[in-house]
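Below you'll find the structure, written out as structure tokens, and then a few comments.
Taken together, the values in this text are just the output of simple stated rules run on the coordinates, not laboratory data. Owing to the predicted nature of the structure, the values given are computational and were not obtained by experimental measurement. In this analysis, Cβ positions are derived from the backbone assuming ideal geometry, glycine residues included, and neighbour counts consider all displayed protein chains.
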Amino acid sequence: MAFRFRSIYTLLFAVNIFSFAHSTYSSELNISIKIPELNVAEYHNPYVAIWIENQDDKSVTDVQVWYNAKMRDKEGSKWLKDLRQWWRKSGRSLDMPVDAITAATKGPGKYNLNFIADDKKLKNLTPGNYRLRIEAAREVGGRELLDIPFQWPIKNAATAKAQGESELGEVILSLKP
């Protein structure tokens with residue numbers, strides 16, 4: 001009986017240590033992106049690139065790229081060049097589709113992306129100033145680029161917003177230590 005009692009205490013101690021470690025290192029970076037509904041004659045879902053740049057304007061990580069990857073003969077990837085800023089920073093060096101980055105285009109609506117600090121997309125972030133960049137381009141439509149600056153590692157909870165004017169709606173970056 002005493003052995004079981006000690007085992008339960010050992011288990012509870014381990015759970016407490018794990019909970020402390022998890023809460024200490026589980027900073028969150030959450031992105032909310034709104035794709036607006038446009039009243040146009042010919043509507044195509046936008047291609048969207050989401051990436052993080054450092055203070056030297058160098059791409060550090062690609063978060064996601066939404067495009068039509070299912071077109072025959074990789075035809076959808078030829079329009080990725082319309083995401084001009086992203087294409088110049090990192091897109092041209094990628095062999096699309098990229099696992100865990102590539103996703104389908106999305107129609108009007110609100111989309112949430114959630115990451116914790118040890119996510120592979122955030123592991124290369126060293127302490128410093130960064131900016132989240134979101135670029136959208138649409139066939140028979142326009143192009144738009146939004147930036148939201150932030151600091152890494154996350155020390156205090158913060159929320160920052162950027163408002164698009166045409167191809168993007170409100171973009172919200174929420175940071176939680």
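Would you compute the Debye intensity of the chain from its alpha-carbon atoms alone, equal scatterers and no solvent, and pass along log10 I(q)/I(0) at q = 0.13, 0.16 Å⁻¹ to two decimals? Rounded to two decimals, the profile gives -0.68, -0.95.
Shape of segment 108-153 from its Cα gyration tensor (a ≥ b ≥ c, root eigenvalues): rounded if a/c is under 1.5, otherwise prolate when a/b > b/c, or oblate?
Numbers: a/c = 2.96, a/b = 1.90, b/c = 1.56.
Because a/c hits 1.5 or more and a/b exceeds b/c, segment 108-153 counts as prolate.
Ranked by the mean number of other Cβ atoms within 10 Å per residue, highest first, peptides 164-173, 140-149 order as 164-173, 140-149. Shape descriptor for segment 95-177: Rg over Rh equals 0.97 (Cα atoms; Rh from the Kirkwood inverse mean 1/r). Helix 2-25 and the long axis of the chain differ in direction by around 30°, with both axes built from C-alpha atoms.
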